[in-house]
1. Could you check, for the stretch 409-425, whether at least one of its residues is open to solvent by 10 Å² or more (accessible area, probe 1.4 Å), touching a Phe, Trp or Tyr at 6+ places or on another chain (Cβ under 9 Å) and touching a residue at least 24 places away in the same chain (Cβ under 8 Å)?
2. Go through the stretch 357-383 and give me each residue that's surrounded by fewer than 18 Cβ atoms within 10 Å (Cβ to Cβ) and aliphatic (A, V, I, L, M).
3. In this structure, is H465 open to solvent by less than 20 Å² (accessible area, probe 1.4 Å) and either at negative phi or in contact with a helix residue (DSSP H, G or I) (Cβ under 6 Å, 6 or more places away or on another chain) (or both)?
4. Counting only residues that are open to solvent by 20 Å² or more (accessible area, probe 1.4 Å) and of a type in the set (A, V, I, L, M), give me the strands (runs of 3 or more DSSP E) lying completely in the stretch 257-339 with at least 1 of them.
5. Among the numbered criteria (1) more than 17 Å from K432 (Cβ to Cβ); (2) in contact (Cβ under 8 Å) with a residue 24 or more places away in the chain; (3) surrounded by 14 or more Cβ atoms within 10 Å (Cβ to Cβ), which single criterion is violated by G389?
6. Residues of the stretch 513-528 being in a strand (DSSP E or B) and free of Cβ contacts under 8 Å to residues at least 60 places away in the same chain, which ones?
7. List every residue pair whose Cβ atoms lie under 6 Å apart, where the two residues are 6 or more positions apart in sequence or sit on different chains, the first residue falls within the stretch 306-317 and is on the phi < 0 side of the Ramachandran plot, and the second residue, located anywhere, is assigned to a strand (DSSP E or B) and open to solvent by 60 Å² or more (accessible area, probe 1.4 Å).
8. State all residues of the stretch 74-95 that are under 21 Å from K202 (Cα atoms) and either of a type in the set (D, E, K, R) or assigned to a loop (DSSP other than H, G, I, E, B) (or both); if no residue qualifies, say none.
Amino acid sequence: MGGVEDDEPASKRMKLSSEELRRLSNGSTIKEPVAGSSRDLMARPLQSEGGEEVVGSKGVIKKVEFVRIIAKALYSLGYIKSGAHLEEESGIPLHSSVVNVFMRQILEGNWDDSVVTLRNIGLTDERTVKSASFLILEQKFFELLDEEKVMDALNTLRTEIAPLGVNDSRVRELSSYIVSPSYCSPTRSPKQDTVRARSRSKLLEELQKLLPATVMIPEGRLEHLVEQALVLQRDACMFHNSLDKEMSLYSDHQCGREQIPSQALQILQAHTGEVWFLQFSHNGKYLASSSNDQSAIIWEVYETGVSLKHKLSGHQKPLSSVSWSPDDRQLLTCGAEEVVRRWDVSSGECLHVYEKTGLGMVSCGWSPDGKWIFSGLNDKSICMWELDGKELECWKGQRTLKISDLEITGDGKQIISICRETAILLLDREAKVERFIEEDQPITSFSLSRDSRFLLINLLNQEIHLWNIEGDPKLVSKYRGHKRTRFIIRSCFGGLEQAFIASGSEDSLVYIWHRGTGELIETLPGHSGAVNCVSWNPANPHMLASASDDRTIRIWGLNNLSTKRKEPCSNGIHYCNGGY
């Protein structure tokens, strides 16, 4: 493509003295003797079907592209001499001589010449040529204004920029700068020249993004390719679940099952009844649980274990759920068709009781800013309250069921609840728009992903469905294997980047699937009753909690964890063999 295919050796091309050009364009060549050439020691490149030399065992990497990208990376890393040596020894220039002249003209502010050179680079798309010319002449325009050459700037705008027919709205905006007082300052400072020089470098970066990669290799191209390869390896790794796992370029990445929390490290036994619900705080420092013993417990999470912080009493009925405030300083607890209580996490004090005469609460949740709370009622309505108990709004009709979950999306706009036996309501409270997820089977519970883009729905037929709720809801995946015949069983997202799905089960096991593939990768035995609920610590991908009818909570961690447990510990806590 024109000058792009120029194979003139680097030693024959123009040497550019600008340090900016070395750093940004990496097109300069420093001639120094190359000692100890290893060319003869390298394997001879293969010949591709198209006649071009290729490297690599698959025959898909073109040698010229490979060498140019390596040279670009060397210059970007500051290895100027090494980049120049590579160009000289390989005979493969990073950029053609025409492109080098063009970049030097940009950095030196030779605007008219650079526009002419641009057309000699070999670009075939006239729109690209015009867009690039627009950027160059825009820079010329601003520098003329900066030098207080207002008439010259106006002439550039009228006779050079406007005739391009590119971005008319921007042309009108530029015309307004002609009369802007900010460009009419009678004094200039040395700093203005620095700012201008920086803007030329920025212009070169913008042109680099606009022009074809064959003309000017994008900045960080090699790094992008390597990162892409690492990410693909990570995403293909079934058990990748560690923030600390170093991914090396020296070998392909692969994790083992030891990255999945599968060892029962603690058994929490402070509840005197079945444990129905539990949830880690957003910062992972606390765990809250609720039980049919009419109490909730706030547990404190340490690196060395979990200990009881507060036991919350006051409800007159079993507790169906809890919900953490966005800042984790307060906790809501919901009695089964009773009231919602708001608690101070630090002191364990009950701050307010939310109730409605003649009605019972069935669910609770927070607005993302922590200013309001939401609750589902047993008359199938959903109410929004101020923290002091003032009711702000109530959505009547079939908005929720007696046994229901309640979630509010991260932007605070949508309220999500089970509105019918087989349907979930996504209510946009601002736009007053309702959307629905329709299932063929009765819905027992659901969980919202951290990014509010996905919903995990537990069904009566022992399936868990993953839905994408952006735009029109779409069923993404199904997870099977757990048991559910009589009770409400809850599931959750979890692990690093929420790459896993965990669920309770009536067969006393905890089930874990890989979210992307749907493959069941682990079942965790230990409980002696149905596992009602699970929660994965959002701050620690190696910590999972499960709540059971056997009145216990199990804290699961890695098999190879070898830390010392915290002493002393609160009552009702048992440490398992192989744990802390």
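The values are calculated or read from the model by the stated rules, or taken from the named source; none is laboratory data. Predicted model only: the values in this text are computed from it and were never measured. Neighbour counts run over all protein chains shown; Cβ positions are idealised from the backbone, glycine included. Ligands, DNA and RNA are stripped out before the accessible areas are found, and what is left, the full protein with its side chains, is counted by its heavy atoms. Shrake-Rupley method; radii C 1.70, N 1.55, O 1.52, S 1.80 Å.
1. To start, the set of residues in the stretch 409-425 that are open to solvent by 10 Å² or more (accessible area, probe 1.4 Å) comprises 410-411, 413-414, 420-422.
If we keep only those that are touching a Phe, Trp or Tyr at 6+ places or on another chain (Cβ under 9 Å) as well, we get 420.
Now restrict to residues that are touching a residue at least 24 places away in the same chain (Cβ under 8 Å): none.
So far as the stretch 409-425 goes, no, none of its residues is open to solvent by 10 Å² or more (accessible area, probe 1.4 Å), touching a Phe, Trp or Tyr at 6+ places or on another chain (Cβ under 9 Å) and touching a residue at least 24 places away in the same chain (Cβ under 8 Å).
2. Selection gives L359 alone.
3. Values: open to solvent by less than 20 Å² (accessible area, probe 1.4 Å): yes; either at negative phi or in contact with a helix residue (DSSP H, G or I) (Cβ under 6 Å, 6 or more places away or on another chain) (or both): yes.
Criteria met by H465.
4. Values: elements: 263-268, 275-280, 286-291, 296-302, 305-312, 319-324, 330-335.
Per the criteria, 296-302, 305-312.
5. Single failed check for G389: (3).
6. The initial filter retains those residues of the stretch 513-528 that are in a strand (DSSP E or B), namely 513-514, 520-524.
Answer for the stretch 513-528, where residues must be in a strand (DSSP E or B) and free of Cβ contacts under 8 Å to residues at least 60 places away in the same chain: W513, L520, T523.
7. Going by the 6 Å Cβ cut-off, there are no qualifying pairs.
8. Of the stretch 74-95, the ones under 21 Å from K202 (Cα atoms) are 74-78, 80, 94-95.
L77, G78, L94, H95 - these are the residues of the stretch 74-95 that are under 21 Å from K202 (Cα atoms) and either of a type in the set (D, E, K, R) or assigned to a loop (DSSP other than H, G, I, E, B) (or both).
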